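Below is one structure, written out as structure tokens; the observations come after it.
The values are calculated or read from the model by the stated rules, or taken from the named source; none is laboratory data. A quick note: this is a predicted structure, and the numbers were derived from the prediction, not measured. Please note: Cβ atoms are built from the backbone with ideal geometry, for glycine as well, and neighbour counts cover all protein chains shown. Accessible surface is based on the protein model in full, side chains and every heavy atom, while ligands, DNA and RNA are left aside. Shrake-Rupley method; radii C 1.70, N 1.55, O 1.52, S 1.80 Å.
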Amino acid sequence: MNRWNNPSLPYTTRDKSKRGCRCSCNCLSCFAALGECIFESVVWVTSSKTRSMIAAILCYCLLSTCALFIFGSWENSAVSEELWMRYTPEPLLPISINIEEDLLREDQIRRATLKTWTEISRSNKAKFIDDKNEVDALVKEYQTLKKKNNVTEALLVLDTALIRFPDHPDIIGHKASYCKDIGKYEESMHLYERAEELDPMHPSYANQLAWVYRHLEKGVKSKEMYKKVHYVGQKLNALVAVLDVSWKHNLWEDYYWLAGSVVDESKIYLSKKQRVPMNPYLAIHLPFSMNEIFQISRDSAMSHDPSSIVRTLYYPAMMNYKYPTYDGKRRIRVGYLSPDIRHHAVGIQIRSMFQYHDRDQFEIFVYSATTDPKNHDFIYKTIEPHVEHMIDLPSTQTWESAGQMINDAQVDILIDMGLFTAYSRMDIFAAKPAPIQACWLGLAVTTGAYHYDYIIADKISLPEEMEEYYSEKAVWMPHSYHIFDHKQYYGNPGDRMRPRHDFFQGEIPQNFDGKLPFFYCNFQNNYRFDPIIFYEWLTIIKSTDDSTLILKHHTEDSTEIFKREAEKLGIPRNSRNSLGWPRIMYMRGAGLDHVKHKSVCDLHLDIPKYNGHSTTGDLLWGGVPVLTYPLESMAARAAASFVSASGLPEMVTHSWTEYREKAIYYSTPAGRADIERMRQHLTTNRMTNPLFDTFLFVKHLEESYRMMMDVHHHEKYPRRLEVKNLQSIHARVPSQCLYYKNIRDIVGDKQAAHHPHVFALRTTMRMQLACVLFLSLCLLVSCQQKSFVVVGDQFVKDGNPYTIVSGSFHYFRIHPSLWADRLQKAKDGGLNTIETYVAWNVHEPEEGQYNWEGLGDIEKFLTLCQKIGLLVIFRPTPYICAEWEGGGIPYWLLAKPDVAQRSSDPVFLSTHDRFLDEFIPRVSRFQYNLNGGPIIINQIENEYVYYGTDLGYIRYLKDAFESRGMNKVISIMCGAPSPKMAATSLSDTLRTINAGSDTNVTQLLSDWRSYQKEGPALVTEYYPGWLDHWSQPHQTRSLKDTAAKFAELLQNGISVNFYMYHGGTNFGFYNGANGDSTSDNNYFNLNYQPITTSYDYDAPLSEAGDPTPKYYAYREIIRKYVNNVGEEISTKIYPERTSRNYGSIQMTSSVRLLDPDTLSHLSLYNQPNQTNWPPTFEKNGQDYGFMLYRTRILPHIDDGLIDIQTIALRDRALIWSDGEYIGNISRNDGNNRVQINATLEGPIVDILVENMGRIGFWLGSQYDQKGIIRGVTADGNYVFNWTSWSLPLRDEDVISLNFTSQDVSSPHDHPTFYRAEFNVQGQPQNTYLLLDGWTKGQAWINGFNLGRYWPAVGPQKTLYVPNVVLKRGKNEIILLELHQFTAPVVQLVDEPILNGTIHTRW
């Protein structure tokens, strides 16, 4: 058997001496060889690329004609080898195909199959010949009712018909179509399968079934069904679909035969002026000439045209539109229409663009083509605040109404950003609603349609010699046509990160010595490449001993195909390089995972036919060089544009040979040095790289719009435009200088205020800025425009000097139903501002799962502040301290290995980025300077002066907030004035300070001024009290001292925030912990200090919200020293106490925690976890609560004692041996050990570990995992084989426990839940749960977790019960007691006890 490039033979067996000869078994192969000789001869005498392309086309025509002459049919003609050469490496890589034999076999199968199908169809139709009229009537009635939108009756008719004729294919087909239309694809699939089985000759059933298979990702079935459609008559449509499915699912066994057949058939259509049913996206992957791609694109674009006249004449449908006139004086109206204003590559890259448009020159419209206008994600919400008109275009909206709406808005320039992509609205553009229409982004290809005037490109992506193949006129940008968001952050660019187990999926060699292979990679979607480029990559890695190719894992099926294809080229699926690493690795994960780990890679191998676009930009941003080989189409030249704009033109190759040779060279020692040089270049110049200068790109884009308008106004017809580089002439005004950008925004210098380059404030400009500020303030006063800014050493609100008197109020520590009451009391206490932290772990309790309700309803809280008239100092994530669980950082970050929290660690920043994308759009609208909202100040990080020195991380945070729209506020950083303040804060933020009643105010101001030369003084935290730790004395501060110091601060013109003004409660498991700063640096030996449930803080408003003497004393001081314009101080007096004594409650039932049924009910996974090593909470995906560990100690021959030690216990444990309670240990104990009795069978040991709160301040906070951290030893040997139960004690699980036992007369020897009911008469009031005689545990009332109790160690003896938790009539209380009690009775009293007796033994 003679096969063209037999894959079983090495390349050298290809006998080039036989070129031009004939053979009896495969004539086309000889003609291909003849064509190769002709082509090489023609190319040898030609010099230009255009003539080379012409030569290729001529050779193709010659070969096709010869094939037609010999075989007598175009169907038997395959695409010529030399046109493949435009797309294929030299020499040709293995192509598994025998054309003549394959065609003959296909024809035989087709004839036999068609005969069988015809017989089946005739037989089944004969059964219903007598019922034809009745069936037709039912179908017609169904269709009539459906057209009238009477769906219910139509479906009733259809179901009746199915009962009457259950095996009639027409009726089954209509029901399948109905199910498909309403999204029931599985049911539709089964119905279509039945209809197709009954009438296999009906092409519609097979076609629809193939579509459903494709939608359900059943690639193989879809391909086979499309082949069937091809058999029964729908030639090219089905053939294109077969190829498309093969390509996207990497089904490569007959790829070349299919591709050749599609190209041949398409050429016939084109020669007859018939529309080729193919998306240009597929066409650019096939060996079509640019002229043919032009025709395919044109036909595809015109298929969107609403006018049949236009579809015939290829001219725009001129509706009765009234186009706007332009006199050069008004703003230019620009509309961007895109289906990707969402979490999509385009949406991510354009999200920062809109804030840079000059609103004095341009009026911006954004039209979001969406399938679900009610479901807007964070990208949409990030963009929305920065555009004047954000309009949804639902997929159901007709082109007529959408076009009329755009024309009514008098849009001058309409930009199509979704060309030929999913959900694009090219039908709207075909109606020409705007006088100027341009295409940008989307599919980088010509539309071939003349209702598009321009295509935004550059001279590399669309060179001059290719203009003839574009219907649009080129607008050449000076650097690159693509925009990239300069505020993205994916770690430390250019750094070789050490390999991570979660990335390499356990592929690291066992003898790994730290030496990495040369990592080639391609992170584009797998359906973008075909066997040609895959074989080329395999050839490259086969040529290097120590290289590895990393590909993106798409599906298990595609990965298996790649492994199988690699084996054909001699790379076994378990093959490893000389360093022991796999030859090919498949990166799992989606979204930004490939960017997060990109620094591992050395060289990205681009796909020549369709370059990486956003992927290439991400890699270049991250410092990874990209090797590319540009072909003819714009989509195949994008990467060349990007790498050239990045200053790496040497990464653009000009042939397959050069592509391969350069890729191999870069793996050599000399090549690796070049790679390192390029990485350094990309890293060093990233912020000055024009490719990532979003601001400069927008200025160039605006210049192109001016040029378009000028041409339209003076010349009427579009022409080629070239935008000059504005970088050298653009006045880069220093903008991010201190907090003046707030004023600068108001007076209109928005571009400078957001420019990514930050410059120091020049001395020569200070007088000019002062004048601008003065004039701006005068303007603001005259216009009564709301503003809150810094002028000199003062805060200025609406043009008047302003003193901030604020109080800390943590919304997550107060029941949401009580927010309004507490805020009103704060307002009546003389405050004009509220300060609050934002706890990340409240809003994202599990990764990717967000909470914006209940305690997390931040929008409701800010709305209440605005309604009551309180400004807001905002202190958001990632870290807040606040004595809150983990300092607000979610527990699940501790499950990610080696993540350096509060630093530039790429994993930490990428997770925080995703949170900000959800969070900022919800709160940015509340900025005072934006539209009069309450937020005036935004804090960057929290007391970083006590933690780290990563200024890159601090800069990232500031940029992260501002780029997402939090840019109309004053940015602050708090801490102690010391040399560390300058080293850990940004010069363009206001540095603030903390103070207590013992502070020397004069010295404090002097020290602060040495680091903050100008700006108002703000004490971010003034302490009227202090926090409590378990087993330590209750903390208070005297009214006399705190009032005197508060008055002194105000007298010195210092704005003050009380920390806390109303402390609240650490409900549930949210209390944090501290690490004693006096201990050594070993975080395993910290003096662990858990915070009490009460966060009363001895504040002006008590834990229950009652005013204290401090409340009224501070109010009088405010009245005396603060004289803000327009603010009056209330004189209202509140009742002294609002709580009530409800008496004693007798426990009535119980259930033991360690009972098997209880463990199963409460367990996170309803079953235990079996592991060799005791897992941590985080490893098991558990946030709070308890974990039970169980194991059997190996039998001991002799009786005696076994020494059991837990290493690095977090935090407290109870231990049993064979059910007998041994005792408890804690992390603060010196040895963490107990002794148990040895037995011949080996004792069963139970260890119940409690998470008592993750450290939120000082050392070890980022390592504070919970559970047993470093294992357990028995007599010095590690113990393995553990069973563990994760017991987070969710509220819904606790209240649904089965309390079976009624015996509560004596304490149990195991942790036990106790339950009782009690009645509340009248309106519920605040109360306190007193637990005298109880030891330690957790309490719930009506399913609300009140928090921990621990009266055995003090100082807190009572738990606060908010009135809103209680209800009239019957209420339920549940306690989990870990130890014992003196009597099964609790009390609800009217006074808190926070200063009880202290016991230091835990």
Open item on the list: Suppose all protein chains stay in the model; what accessible area per residue would a 1.4 Å probe give for the stretch 155-309, in Å²?
Closed with: 36
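Subtract the Cα-Cα distance of E253 and T1239 from 0.36 nm times their separation in residues, and report this length gain in nm to one decimal.
Between E253 and T1239, full extension yields 348.4 nm more.
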- [ ] Please work out how much accessible surface V151 shows to a 1.4 Å probe, ignoring ligands, DNA and RNA, in Å² rounded to 10.
- [x] 70
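Give the carbon-plus-sulfur fraction of the accessible surface of the stretch 644-692 in %, rounded to a whole number; probe 1.4 Å, heavy atoms of protein chains only.
So the carbon and sulfur contribution to the accessible surface is 61 percent.
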Task: Full-extension gain in nm, N320 to Y850, via 0.36 nm per residue minus C-alpha separation - done: 186.0 nm
TODO: Heavy atoms only, probe 1.4 angstrom, no DNA, RNA or ligands counted: give me E1127, E1103 ranked by accessible area, highest first.
DONE: E1127, E1103
Open item on the list: Residue by residue through the stretch 996-1001, what is 3J(HN,Hα) from phi via Karplus (6.51 cos²θ - 1.76 cosθ + 1.60, θ = phi - 60°)? Round to whole Hz and write x for glycine and proline.
Closed with: x, 5, 9, 6, 7, 5
Open item on the list: Along the Cα→Cβ direction, 7 angstrom out, place labels at E217 and R164. What is the inter-label distance in nm?
Closed with: 4.2
- [ ] Using all C-alpha to C-alpha distances in the stretch 169-221, build P(r) with 10 Å bins and read off the rounded percent in each one.
- [x] 31, 58, 10
TODO: Please tell me which of these pairs span more than 20 angstrom C-alpha to C-alpha: K329/K473; K542/K662; K980/K1045?
DONE: K329/K473; K980/K1045
- [ ] Return the aspartates and glutamates within reach of K1040: Cα separation strictly under 17 angstrom, same-chain partners fewer than 8 residues apart disregarded; answer none if there are no such residues.
- [x] D998, E1048, D1098, E1116
Task: Cβ-defined net charge surrounding E1317, 9 Å radius [Lys, Arg +1; Asp, Glu -1] - done: +1
Task: For the stretch 329-432, accessible area per residue (1.4 Å probe, heavy atoms of protein chains only), Å² - done: 33
Task: Stretch gain in nm, segment S1301-N800, where the contour uses 0.36 nm per residue and the Cα spacing is subtracted - done: 173.5 nm
Task: For the stretch 552-679: accessible area per residue (Å², 1.4 Å) - done: 30
Open item on the list: Probe radius 1.4 Å, ligands and nucleic acids ignored: give me the carbon and sulfur share of the accessible area of the stretch 254-301 as a rounded percent.
Closed with: 48
Task: Accessible carbon and sulfur surface of the stretch 999-1109 relative to its total accessible area, %, 1.4 Å - done: 45
- [ ] Work through the residues other than V411 whose Cβ is under 10 Å from its Cβ and net out their charges, Lys, Arg +1 and Asp, Glu -1.
- [x] -2
- [ ] Give me the net charge of Y1011's neighbourhood, meaning all other residues with Cβ under 13 Å from the Cβ of Y1011; Lys, Arg count +1, Asp, Glu -1.
- [x] +2
Task: Pairwise label distance in nanometres, K140 with E859, each label 7 Å out on the Cα-Cβ vector - done: 5.3
TODO: Please find the FRET efficiency linking D327 to I391, where r is the Cβ-Cβ separation and R0 is fixed at 30 Å, and quote it to the nearest 0.05.
DONE: 0.70
Task: Label-point separation, D1218 to Y1165 (7 Å along Cα→Cβ), nm - done: 3.1
